[in-house]
Every structure is written in structure tokens, then in C-alpha cells.
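Participant: One structure, pasted below without further comment.
The values are calculated or read from the model by the stated rules, or taken from the named source; none is laboratory data. Keep in mind the model is a prediction, meaning the values are calculated, not measured. Cβ: placed from backbone, ideal geometry, glycine included. Neighbour counts: every protein chain shown.
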Amino acid sequence: MKSLLKSTLGALALSAIGTAAMAAGHAACTNDVWNSVMEKGKIVIGVKADYKPWGFRDESGKLVGMEIDMAMDVAAAMGVEAELVPVQSSNRMQFLEQGKIDMMIATMSDRADRREIVGIPGPNYYTSGTNIMAPKALGFKKWEDLRGKKVCGKQGAFYNSVVEERYGVEIVAFTGNAEAKQALRDRKCTAWVYDDSSIGSDLSSGNWEEFEMPLDSEDDNPWGLAVPLAEQSCVFGNFMSGMQYNWHRSGRLIELEAKWGIKPTAYLKKQADTHSDWIK
């Protein structure tokens, strides 16, 4: 773990140099959240608890998943304890704004409007696309086949409105994924629209043998972790940039994909190749 801290601190130093000019245009950094975390010896990280394999509860109720492992990496690199707080798509940015969490790694797509609310340091750690899970018997072949049909979704997911507007579906939104998928089983909708990596995980679990992910994924979306907006160009934001560079450079995220049964993505392979000689 010392090597992880050394690499991340090196990444932090180089990131700070690269962002010095940008930081000059911001108000002076107070580093309030960073300093508070280091003084307390604990970082509070918002994570998903209902989004297998990224963040979910195992049979004992423990939070596990790829992003949980990433959150623990962050705490270890900072030399502090981690407190994990479950968040939803509908409240994760508010939790960060309100100081209920210090940062989040919670399957959040990186969008311009969100960058006005929270700080999203680069490089993005992952990317995914939009797809559906639907009964095989319905034989969907293209997105247009959904026109005029009810499609289950999760509240707060950006692709709800995109799919509605683009393909004329009627979105039936639920608070959580479990409710949305149960509605699909109960035939209250013809499909469930969500992230393709999560759908793939469900299909590989053996619990959805009569369902499929039949369409080509659309709207490739980079994912961003987030720190308080005021600290994006300060120590905290630069440190998290270093963490992400190091994850890509070391192949750590590819390792976690394999660990959690996620289909290998071209994005992570490209990032690993790009940053392989970035820092030793």
C-alpha cells in the first residue's frame, strides 16, 4: 500500500503543476474538507448499495463491489479510515453539497450541468452505455421497437428523458432498481432501461434466464467521481486526479473488472495503454 500512496502522491504533484494556471483563476483554496478528513482520520464516501456489481450488499449485508474497492483504495492511500454511505442517483450530489459525505464514487455520469454543482476531477475512471433488459419472447431488435411502450426506469437516471424523447416510450420511474426490475417481472412494463454493465451483470447471475439485452448500447457516458466543487482545483481534487491516473496506469481497474465479473471494456484497456509509462 505504500507504493500506492507513493504513486498517488507523485500523481498529485504532477497534477498540481498542470492545474496551477487554472487554480490561479479560482478563489484561494482553503482545503476545508481535505483538512477535516486528515484531522479526523476518516473519510466519508458516498457509494451505491443497489447497483451490482459496482456497489451492493452481500448476503451478510456488507457493502461490496468494484466502486467499494475503489473507495477503500482512496482511504488507504490517504492513510485514513473509510465510512461508506449509501446514496441514490436522486440524492448523491445533494449529499455532497450538504456535507453529508466528503466525496462520492457512485456510478455518476460526467455531464456539464453536474460540473456546476460538484467537482469532477479527471481522468474519468469508467464509461458505459444505455441499453434495456427485456423478455426474450418480445423479440426486440432495435430501439424503435419500443415506441409507444411502457419502459421501467430508475428515478434520477438521465437516460430516462433521453429515451422518452428519442423513441417515444413511456417511462415508469421507480425509486430503486429492485422495484423497477420487479415491475418488469410483473409485466408492468415491457423493458427496463439502465446501464449496460449493470444489466450484463444481472443477466449473468442466472436469475434472468428468460430475459436479454437485445439492443446496441447508445450514449457512451464517461463516469466521474466527485469532490466538493470548491476543492476540485485544490489538494483534494488534485489528489483524486492522481488516484485515477494511478488506477489506469497500474491496471487496477482492469483487475477489478475481472474480480467482479464485468465484461472487459475497450475504454479501460485504452486508458491503461495511454498511461502505462506516466509515472513509475
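Participant: Residue under question is Leu96, and the condition is that it be at pLDDT 95 or above and farther than 23 Å from Asn238 by Cβ; does it hold?
Facilitator: Criteria not met by Leu96.
Participant: Cβ-Cβ below 6 Å, separation at least six or inter-chain, first residue in the range 136-153 and surrounded by 15 or more Cβ atoms within 10 Å (Cβ to Cβ), second of a type in the set (Phe, Trp, Tyr) and at pLDDT 95 or above: which pairs?
Facilitator: Trp143/Tyr167; Leu146/Tyr167; Cys152/Trp192
Participant: Another question, then. In the set Val163, Val193, which member is more than 26 Å from Lys269 (Cβ to Cβ), assigned to a strand (DSSP E or B) and β-branched (Val, Ile, Thr)?
Facilitator: None of the other options fit; the residue is Val193.
Participant: Please go through the range 237-267 and give me each residue that is assigned to a helix (DSSP H, G or I), closer than 14 Å to Met66 by Cα, of a type in the set (A, V, I, L, M, F, W, C) and within 16 Å of the chain's Cα centre (by Cα), ordered by number.
Facilitator: Those that are assigned to a helix (DSSP H, G or I), closer than 14 Å to Met66 by Cα, of a type in the set (A, V, I, L, M, F, W, C) and within 16 Å of the chain's Cα centre (by Cα): Trp247, Leu253, Ile254, Leu256.
Participant: If you don't mind, another one. Does the range 182-198 contain any residue that is surrounded by 18 or more Cβ atoms within 10 Å (Cβ to Cβ), within 24 Å of Ala49 (Cβ to Cβ) and of a type in the set (S, T, N, Q)?
Facilitator: Yes, that holds for at least one residue.
Participant: Out of all the residues in the range 208-222, is one or more assigned to a helix (DSSP H, G or I), without any contact (Cβ under 8 Å) to a residue 60 or more places away in the chain and closer than 25 Å to Lys142 by Cβ? It would help to see each step written out before you state the result.
Facilitator: Taking the range 208-222 as the starting set, the residues that turn out to be assigned to a helix (DSSP H, G or I) are none.
No - not one qualifying residue is present in the range 208-222.
Participant: Next up: Against the condition hydrophobic (A, V, I, L, M, F, W, C) and at pLDDT below 95, how does Ala258 come out, does it pass?
Facilitator: yes
Participant: From the residues in the range 94-126 that are among the polar types (S, T, N, Q) and over 17 Å from Gly55 (Cβ atoms), which one is surrounded by the fewest Cβ atoms within 10 Å (Cβ to Cβ)?
Facilitator: Looking at residues that are among the polar types (S, T, N, Q) and over 17 Å from Gly55 (Cβ atoms), I get Gln98.
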